[in-house]
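Worksheet for the structure shown next.
The values are calculated or read from the model by the stated rules, or taken from the named source; none is laboratory data. Remember, it's a predicted structure, so these values are computed and weren't measured experimentally. Glycine gets a Cβ as well: all are built from the backbone with ideal geometry, and neighbour counts include every protein chain shown.
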Amino acid sequence: MRTLRFLASCVCFVAAPMAHAANVVVQKNGQFPTIQAGINAAGANGTVTVKPGVYEETPTIGGAFDGLVLKASGKVIIDARLANGGADGPAIVCNADDVTIRGFTIRHAKTAMAQAGNGVVINAPGARLEKLAIFNCSDSGIAIFANDVVVKNCLVVSCFNGISAVSANTLVLEKNTIRTTTSGGIVCSNGAGALVRKNVLENCGSDGISVGGANCRIEDNSITRNAFSAIHANGTHPIVRRNKVRTSFFSTGILVVGTDAEVESNTIFDVAGTGIYCAASPALVRKNRVVSTGHDQPGVFVENGTSTILEANIVEYAGIAGFAGVADNVIVRKNLVRRSGRPESNSAAFILSGIGGEFESNVAKDCFGDGFRIGTSAASVTGNVATGNTVDGFDVDGPNCTLKGNTAKSNLGEGFDIGNAGCSFTNNTAKSNRIDVAASVMPTTFQANQFGSGGSSTLPEID
């Protein structure tokens, strides 16, 4: 019995230091006066709690410290500008899996000895970064080179990039604030499955959010006063949804490149370039609002795509056009363009060319230039309204188009101007235009229309 009690006491004696070492407190005048000492003592799955103070060091979490929790208790500053004023590269480097870093203020990381001056570097998967405040780093506030990383509720100010990631899959970047970067706000390249949600970005020197890779989601972010594109998504099936963009000084509000893109319910105000530039094919661009684009820029532009759907968008005060592009088989329906175009240019609310496509139930109202300028061949133009525009309501230059049930009213030029052969023109209405219907080539079918002083018996004026 004495032997059993003796063995039990030995077990307790051995276990006690292990338990103590796993939960380490770092304090300036304590047993562990540096963060690096605390990390080394805690071991894998340990917890390091750092008490308030300024710690002039650049700690590394080595590969043997999987599952470590490194957290600040109170105001803890990690200053990578060391006591001698020199630079030592990144402030924190994490090489272990599933590490949590929480609550620190980090500053003054600077490139040194060929090491980039990142605030935090993540080289192993599963890291979670929370409530960090990172200032004045010569490279990224947070640099990620691993999968399955979560960055949440962090603040990055006055760094080169805010958050950067290279070849990192399934990232979650959520509720972060990034301000005044020299280059990009959030920059993720060659990684699949990124979720970039509910971040606030202000005064970025390049793109606000740039994500390249398959199946990324960019949702509910606010991007203000960035230099170039507020959002740039490039890859397979990017989803760009419910973002708010205001003031892009030199470029596009939202730029989407790739395949199978969705751009939905975004609001874009006051950009120097195009509101939405879609070079993805196919793509769905739906329920967006664009207000005020550059002098020579459209609200929405579609380039070289096929089977893109532009649906239920609102464009106001756009530059040269509300919607423009060169693409095949585009479906344009239920969109509204008003008070767009500019008087000294060849503007229109809708300017599209290509092959095929459908224009259905759109409205062009009070725009400088034409309401609809359709250079698309074999297009179906049905149920659209052009009213109060300064030139023609409908200028149809594509051959073999079908115009049915459209209305042109109070435009200062022709209500309908048909400029090519093989068109069908039925059940359309033109009223109070300078010339209600004009044609360079007589439509193949011309019946049941209402315009001028008579109905379907009144032929168009021949240009």
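Taken together, the criteria place Asp88 among residues that are under 12 Å from Glu57 (Cα atoms) and more than 29 Å from the chain's Cα centre (by Cα). Within the range 354-389, the set of residues being touching a Phe, Trp or Tyr at 6+ places or on another chain (Cβ under 8 Å) and basic (Lys, Arg) comprises just one member, Arg373. Looking at this structure, is Val54 surrounded by fewer than 17 Cβ atoms within 10 Å (Cβ to Cβ), without any contact (Cβ under 8 Å) to a residue 40 or more places away in the chain and part of a strand (DSSP E or B)? Taking the combined requirement at face value, the residue satisfies it.
List the strands (runs of 3 or more DSSP E) inside the range 65-146, counting only whole elements, that have at least 1 residues being surrounded by 19 or more Cβ atoms within 10 Å (Cβ to Cβ) and in contact with a Phe, Trp or Tyr (Cβ under 7 Å, 6 or more places away or on another chain).
69-72, 76-79, 105-107, 120-122, 140-144
Going by the structure shown, is Thr170 surrounded by fewer than 21 Cβ atoms within 10 Å (Cβ to Cβ), in contact (Cβ under 8 Å) with a residue 12 or more places away in the chain and assigned to a loop (DSSP other than H, G, I, E, B)? Lay out the reasoning, then the answer.
Working: surrounded by fewer than 21 Cβ atoms within 10 Å (Cβ to Cβ): yes; in contact (Cβ under 8 Å) with a residue 12 or more places away in the chain: yes; assigned to a loop (DSSP other than H, G, I, E, B): yes.
Considered against the rule, which asks whether it is surrounded by fewer than 21 Cβ atoms within 10 Å (Cβ to Cβ), in contact (Cβ under 8 Å) with a residue 12 or more places away in the chain and assigned to a loop (DSSP other than H, G, I, E, B), Thr170 comes out as yes.
Applying the criterion of at least 2 residues that are under 26 Å from Arg339 (Cα atoms) and not basic (Lys, Arg) to the strands (runs of 3 or more DSSP E) found wholly in the range 351-463 leaves 358-360, 363-365, 370-374, 380-382, 385-387, 394-396, 407-409, 414-418, 429-431, 435-439.
Of all residues in the range 302-351, which are of a type in the set (S, T, N, Q), touching a residue at least 40 places away in the same chain (Cβ under 8 Å) and within 18 Å of Gly375 (Cβ to Cβ)? Of everything in the range 302-351, just one residue is of a type in the set (S, T, N, Q), touching a residue at least 40 places away in the same chain (Cβ under 8 Å) and within 18 Å of Gly375 (Cβ to Cβ), namely Ser345. The set of residues in the range 126-151 being touching a Lys or Arg at 6+ places or on another chain (Cβ under 6 Å) and either within 11 Å of Arg107 (Cα to Cα) or among the charged types (D, E, K, R) (or both) consists of Glu130, Lys131, Phe135, Asn136, Ser138. Is it true that Thr58 is of a type in the set (Ser, Thr, Tyr), in contact with an Asp or Glu (Cβ under 6 Å, 6 or more places away or on another chain) and more than 22 Å from Asn161 (Cβ to Cβ)? Spelling it out, it is not the case that Thr58 is of a type in the set (Ser, Thr, Tyr), in contact with an Asp or Glu (Cβ under 6 Å, 6 or more places away or on another chain) and more than 22 Å from Asn161 (Cβ to Cβ). Assessment of the range 22-30 against the conditions (at pLDDT below 90, touching a helix residue (DSSP H, G or I) at 6+ places or on another chain (Cβ under 9 Å) and over 21 Å from Gly141 (Cα atoms)) yields at least one matching residue.
Mind checking which residues of the range 316-349 are charged (D, E, K, R), within 20 Å of Thr376 (Cα to Cα) and either more than 25 Å from the chain's Cα centre (by Cα) or in a strand (DSSP E or B) (or both)?
Asp328, Arg333 - these are the residues of the range 316-349 that are charged (D, E, K, R), within 20 Å of Thr376 (Cα to Cα) and either more than 25 Å from the chain's Cα centre (by Cα) or in a strand (DSSP E or B) (or both).
Tell me the residue from Asn420, Asn406, Asn427 that is surrounded by fewer than 17 Cβ atoms within 10 Å (Cβ to Cβ) and under 22 Å from Gly356 (Cβ atoms), please.
Details: Asn420 fails: surrounded by fewer than 17 Cβ atoms within 10 Å (Cβ to Cβ); Asn406 fails: surrounded by fewer than 17 Cβ atoms within 10 Å (Cβ to Cβ).
Residue meeting the stated conditions: Asn427.
Summed over the range 313-341, residues that are in contact with a Gly (Cβ under 6 Å, 6 or more places away or on another chain) and surrounded by fewer than 20 Cβ atoms within 10 Å (Cβ to Cβ) total 3. Kindly check whether there is at least one residue in the range 378-399 that is of a type in the set (Asp, Glu), over 12 Å from Phe416 (Cα atoms) and touching a Gly at 6+ places or on another chain (Cβ under 8 Å). No, every residue in the range 378-399 fails to be of a type in the set (Asp, Glu), over 12 Å from Phe416 (Cα atoms) and touching a Gly at 6+ places or on another chain (Cβ under 8 Å).
Only one of Thr247, Thr252, Thr259 is surrounded by fewer than 21 Cβ atoms within 10 Å (Cβ to Cβ), closer than 23 Å to Ser189 by Cα, of a type in the set (S, T, N, Q) and under 16 Å from the mean Cα position of the chain (by Cα). Can you tell me which? Full working, then the answer.
Details: Thr247 fails: closer than 23 Å to Ser189 by Cα; Thr252 fails: surrounded by fewer than 21 Cβ atoms within 10 Å (Cβ to Cβ).
Thr259 is the lone residue from the list that is surrounded by fewer than 21 Cβ atoms within 10 Å (Cβ to Cβ), closer than 23 Å to Ser189 by Cα, of a type in the set (S, T, N, Q) and under 16 Å from the mean Cα position of the chain (by Cα).
Quick check, is Ser229 assigned to a loop (DSSP other than H, G, I, E, B) and more than 10 Å from the chain's Cα centre (by Cα)? Quick ask: steps written out before the conclusion?
On the way: assigned to a loop (DSSP other than H, G, I, E, B): yes; more than 10 Å from the chain's Cα centre (by Cα): no.
It is false that Ser229 is assigned to a loop (DSSP other than H, G, I, E, B) and more than 10 Å from the chain's Cα centre (by Cα).
Which of the following residues is farther than 17 Å from Arg286 by Cα, surrounded by fewer than 18 Cβ atoms within 10 Å (Cβ to Cβ), out of contact with any His (no Cβ under 6 Å at 6 or more places or on another chain) and modelled with pLDDT of 95 or more: Ser222, Ser265? First the steps, then the outcome.
Numbers: Ser265 fails: farther than 17 Å from Arg286 by Cα.
Going through Ser222, Ser265 in turn, just one is farther than 17 Å from Arg286 by Cα, surrounded by fewer than 18 Cβ atoms within 10 Å (Cβ to Cβ), out of contact with any His (no Cβ under 6 Å at 6 or more places or on another chain) and modelled with pLDDT of 95 or more: Ser222.
Among what's in the range 185-211 and is among the small types (Gly, Ala, Ser) and closer than 18 Å to Phe228 by Cα, pick the residue that is farthest from the chain's Cα centre (by Cα). Before you say what the answer is, go through the steps one by one.
First, the residues of the range 185-211 that are among the small types (Gly, Ala, Ser): 185, 189, 191-194, 205-206, 208, 210.
Filter again for closer than 18 Å to Phe228 by Cα, leaving 185, 189, 205-206, 208, 210.
Working: Gly185: 11, Ser189: 14, Gly205: 15, Ser206: 13, Gly208: 8, Ser210: 7 Å.
The selected residue is Gly205.
In the set (1) surrounded by 15 or more Cβ atoms within 10 Å (Cβ to Cβ); (2) within 22 Å of Val156 (Cβ to Cβ); (3) modelled with pLDDT of 95 or more, Gly38 fails one condition alone, (2).
The set of residues in the range 181-202 being surrounded by 18 or more Cβ atoms within 10 Å (Cβ to Cβ), out of contact with any Leu (no Cβ under 8 Å at 6 or more places or on another chain) and not in a loop (DSSP other than H, G, I, E, B) consists of Thr181, Val187, Leu201, Glu202.
The set of residues in the range 332-357 that are at pLDDT 95 or above and over 21 Å from Gly413 (Cα atoms) comprises Val332, Arg333, Lys334, Asn335.
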